[in-house]
Every structure is written in C-alpha cells, then in structure tokens.
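Below is one structure; the comments refer to it alone.
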Amino acid sequence: CSQQVQGITLFGTTGEFVHFTIEERSRYVALLAKRSRAPVMANVSHSTLDGALMMAEEAAGAGIAAVLVTPPYYFRYTDESIEAFYIEFASHIAKWTPIYLYNIPSFAGEISVAVVERLLNTGMFAGIKDSSGSWETMEALLALRESRPFTLLAGHDRIYARARKAGADGAVTGVGCAVPE
C-alpha cells in the first residue's frame, strides 16, 4: 500500500477500551509507544478523573505523542462540569504531553462548541477529535480556527471527506484500521 498513516490512536471508542483494565491499557500503550515508528496518541478516557489521570501519566511516561480524553462517560454532565473536568485534567497532564479533547456525545457528555472554545483558549489543549457526526459542529469548530489555531480531527467517517475538504487536519477513524488507504 502506498498510503501511510501519520499516527496511531490506541483505545479509541471503536476499540472498546472500556473492556480493558487500566493495567492492560497501560501495558499496551507502553508496548506500542516503544515499538511504533509512527506517533502514538492514547485514549486515556475513564469514568473518573483519577482513572484518566493515572493512565495519562503512565502514557506520557511511556513516550506517547499525545493523549485523547472524553468527558467522564456514562452520565450526562453540564457544560460547567465538563469544563471543570478538563481544566483539572490539564492542570496535571499538559506539562507532560499534548492533550486532545474527544467529543463523542453518543458515549460521553457532549462538549459544546462554547466549552471547546474556552478550553482551547487556555492554551492547555492541542486540539479536538470531533466524533459527533454533526456537520454543524464541524463547521463551528472550523470557524473557531479562524481566531485560534488548533488541530481539528474528524472522528466520524460519515463526514470525514467533507471535513477534510473544508480544512480539518485529518481523521482518527475506525475504518482506517481495516482500510488505511
């Protein structure tokens, strides 16, 4: 295949990360970080702040390129709670590795565009993977880039081609695991 990936994301939601223990996730992240020739971004999402912090610290120590984190999953949280979660997370992790917000409202609380903007304006976040599948959300995120640069990754295959054409930086895709070209 002449196509190349520009990085590998481990334990995205397509990979059903919730079925692995923290220890297993940490072990696989460390192994991939050590063996991969491509940069590795690890999803460190957890239902608790402490769990996400523990995995992020271990992933950063293993030498990954970045972490990806959803709001705590299962329950729906207010914008204020989601923002507070991310600020607390970043206050511990941003000094070690870039952090990407992970918006996937079908599995975790939705990160509103207003919260994304406030979080990006802190300077503690490198970008966002938007897996909402909403073209309106993608358009709003593309518009945010006019005032502040950040990496914007499409996480929903249905809108990837359109998002890329409109200016998104790339995709983190489950389909790409089977068909990288």
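The simple spin-label model puts a point 7 Å past each Cα toward its Cβ; for LYS34 and THR48 those points are separated by 2.8 nm. Cross-link partners of LYS95 among aspartates and glutamates, defined as those whose alpha carbon lies under 12 angstrom from its own and excluding same-chain residues fewer than eight positions apart: GLU57. Rounded to the nearest whole Hz, the Karplus-based 3J(HN,Hα) values (6.51 cos²θ - 1.76 cosθ + 1.60, θ = phi - 60°) of the stretch 17-28 follow the sequence 4, 5, 8, 10, 6, 4, 5, 5, 4, 4, 5, 5, with x at glycine and proline. Taken along the Cα-to-beta-carbon direction at a fixed 7 Å, the label points for GLU136 and PHE107 span 2.4 nm.
Which percent, nearest 5, of DSSP beta bridges in the chain are antiparallel? Don't skip to the end; give the middle numbers.
Details: 1 of 20 bridges.
The answer is about 5 percent antiparallel.
In the context of the full protein assembly, TYR160 retains an accessible surface of approximately 80 Å², using a probe radius of 1.4 Å and ignoring ligands and nucleic acids. The phi torsions of the stretch 136-142, fed into the Karplus equation with coefficients 6.51, -1.76 and 1.60 and a -60° offset, translate into couplings of 4, 5, 4, 4, 5, 5, 4 Hz, rounded to whole numbers, with Gly and Pro shown as x.
When averaged across all projection directions, what area in nm² does the alpha-carbon convex hull of the stretch 60-121 cover?
If I average the Cα hull's projected area over directions, I get 4.3 nm².
Candidate cross-link partners of LYS165 among the lysines, defined by an alpha-carbon separation under 22 Å and a same-chain spacing of 8 or more, comprise LYS129. Rounded to the nearest whole angstrom, the semi-axes of the ellipsoid equivalent to the chain, taken from the Cα gyration tensor as √(5λ), stand at 22, 21, 15, largest first. Counting 0.36 nm for each residue step from ARG118 to VAL175 and taking away their Cα separation leaves a gain of 17.4 nm. Spatially, the stretch 1-57 and the stretch 83-124 are offset by 17 Å when compared through their Cα centroids.
Per the 1.4 Å probe, what fraction of the accessible area of the chain, in percent, lies on carbon and sulfur atoms?
Reported share for carbon and sulfur atoms: 52 percent.
The values are calculated or read from the model by the stated rules, or taken from the named source; none is laboratory data. Keep in mind that this is a model prediction, so the values were computed, not measured. With ideal geometry, Cβ positions are generated from the backbone for all residues, glycine too; neighbour counts draw on all protein chains shown. In case anyone asks, the SASA skips ligands and DNA or RNA and just uses the protein heavy atoms, side chains included. Shrake-Rupley method; radii C 1.70, N 1.55, O 1.52, S 1.80 Å.
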